[in-house]
Amino acid sequence: MFQAATEDPKRSSADRAKFCGMLGKLSTVSFLMDLALMKDALRELSSLSLRLHSRTATIVTSCADIADTVLVFEAMKVAGGGKSVNVAQLVAIQKLKSRYCSRALS
């Protein structure tokens, strides 16, 4: 979508430049790694939230669930999470590369 917008002759050069900039930022490896990390973290927090909202949750089980989630986050710092590992593997085999605009903007 962004790539097509950067090459669309109906758009002004300023609009094409904006889309080119967004494409450059959104397709960097660091942005994708941050996005994958955020997805992993939100998945864990969602799971914790569901357990805490359960009708069977007690103070004791909730405390254990929170402690388990903290351990998961600490493990994610060292080894990464599911999506973070996937992106890191793609980067390692160089299938994921940053994209830039295919032609100079006029």
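Out of ASP40, ASP34, I need the residue that is surrounded by 11 or more Cβ atoms within 10 Å (Cβ to Cβ), among the acidic types (Asp, Glu), touching a residue at least 24 places away in the same chain (Cβ under 8 Å) and closer than 29 Å to MET22 by Cα. Which one?
On the way: ASP34 fails: touching a residue at least 24 places away in the same chain (Cβ under 8 Å).
Being surrounded by 11 or more Cβ atoms within 10 Å (Cβ to Cβ), among the acidic types (Asp, Glu), touching a residue at least 24 places away in the same chain (Cβ under 8 Å) and closer than 29 Å to MET22 by Cα holds for just one of ASP40, ASP34, which is ASP40.
Of all residues in region 1-31, count the ones that are over 16 Å from the mean Cα position of the chain (by Cα) and exposed (fewer than 13 other Cβ atoms within 10 Å of the Cβ). Walk me through it before giving the result.
Applying the first criterion (over 16 Å from the mean Cα position of the chain (by Cα)) to region 1-31 yields 1-21.
Filter once more, so that each one left must be exposed (fewer than 13 other Cβ atoms within 10 Å of the Cβ): 1, 4, 8-10, 12-14.
So the count comes out to 8.
Can you name the residue in region 32-73 that is in contact with a helix residue (DSSP H, G or I) (Cβ under 6 Å, 6 or more places away or on another chain) and at pLDDT below 90 and, of all such residues, is farthest from VAL87 (Cα to Cα)?
The qualifying residue farthest from VAL87 (Cα to Cα) is LEU37.
Only residues in region 12-27 that are on the phi < 0 side of the Ramachandran plot and free of Cβ contacts under 8 Å to residues at least 24 places away in the same chain count as the first member; pair them with residues that are in a helix (DSSP H, G or I) and hydrophobic (A, V, I, L, M, F, W, C), Cβ under 7 angstrom, at least 6 apart or cross-chain, and list the lot.
Qualifying pairs under 7 Å: PHE19/PHE2; PHE19/ALA5; MET22/PHE2; LYS25/PHE31.
So, ASP68, is that one in contact with a Gly (Cβ under 6 Å, 6 or more places away or on another chain) and either among the acidic types (Asp, Glu) or without any contact (Cβ under 8 Å) to a residue 40 or more places away in the chain (or both) or not?
no
Okay, residues lined up against (1) polar (S, T, N, Q); (2) part of a helix (DSSP H, G or I):
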position	(1), (2)
GLN3	yes, yes
ARG11	no, no
ALA17	no, yes
GLY21	no, yes
MET38	no, yes
ARG43	no, yes
SER46	yes, yes
CYS63	no, yes
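What about LEU96, is it modelled with pLDDT under 75, within 29 Å of THR6 (Cα to Cα) and either out of contact with any Cys (no Cβ under 7 Å at 6 or more places or on another chain) or exposed (fewer than 12 other Cβ atoms within 10 Å of the Cβ) (or both)?
The answer is yes for LEU96.
The values are calculated or read from the model by the stated rules, or taken from the named source; none is laboratory data. Only a predicted model underlies this, so the values are computations on that prediction, with no experimental measurement involved. Virtual Cβ from ideal backbone geometry, glycine too; neighbours counted across all protein chains shown.
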